[in-house]
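Following: one structure in structure tokens, then a few remarks.
No value in this document is a laboratory result; all are computed from the given coordinates. Since the structure is predicted, the reported quantities are computational estimates derived from the model, not experimental observations. Here the Cβ positions follow ideal geometry from the backbone for every residue, glycine too, while neighbour counts run over all protein chains shown.
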Amino acid sequence: MSMTGMSPEAPAPMPGMDMDSSTTSTMPHMGTNGQFYYLFEELFVGSVGQMAGACVFTVAFAAALTVASRRLKRIARADGGKDEEGGPGVLVEIAAAFAFGADSFFHYVLMLLAMTFNIYILLSIAGGGALGHFVNLRLGRRERSTEADGANIAGEPSACH
């Protein structure tokens with residue numbers, strides 16, 4: 001039984017399309033042999049040392065962003081500083097808006113790094129996020145223990161502090 005009888009013929013390519021081109025990537029940010037632009041044209045990663053530096057920076061950036069994001073989201077909730085009507089004051093709302101914008105901006109930069117489609121950069125982002133989450137857990141534990149040290153069992157401040 002022939003294979004041509006099992007499925008219809010593929011449609012002809014559109015006029016002007018070159019179907020004989022090679023299958024290599026034509027993405028402008030990618031070079032050959034794993035070389036790529038790291039966010040900007042001036043930051044071309046073309047050697048093993050540059051790749052190591054890009055990965056170290058990506059881990060540090062992702063970790064710092066994970067830690068900072070938790071604090072920025074706390075500010076963006078606009079919980080503090082009440083005005084005369086009991087709602088957040090205008091300065092608190094402005095700070096919340098800037099915190100939200102900064103958090104979004106840094107996450108989009110991280111997304112652009114992921115869009116290099118470089119596996120080492122992707123692993124660095126994941127590793128940095130995990131490191132930042134670990135730091136957040138440690139800082140959260142420290143904050144909770146500090147709060148617990150300042151109060152007695154009834155929840156009132158102790159006399160010695």
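The table that follows gives values for the structure above.
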item: Stretch gain in nm, segment ARG138-PHE44, where the contour uses 0.36 nm per residue and the Cα spacing is subtracted; result: 30.2 nm
item: Around ALA76: net Lys/Arg minus Asp/Glu count, Cβ-Cβ under 14 Å; result: +2
item: Other-chain or far-sequence residues with amide H under 5 Å of PHE36's (modelled H); result: GLY31, VAL45
item: Spin-label model distance (nm) - ALA114 vs LEU91, 7 Å beyond Cα toward Cβ; result: 3.7 nm
item: Of the GluC sites (Glu not before Pro) in the stretch 38-120, those whose Cβ has at most 16 other Cβ within 10 Å and which sit in DSSP loop; result: GLU41, GLU42, GLU84, GLU85
item: Phi-based couplings in Hz for the stretch 127-138 (Karplus 6.51, -1.76, 1.60; Gly and Pro marked x); result: x, x, x, 5, 4, x, 5, 4, 4, 4, 5, 5
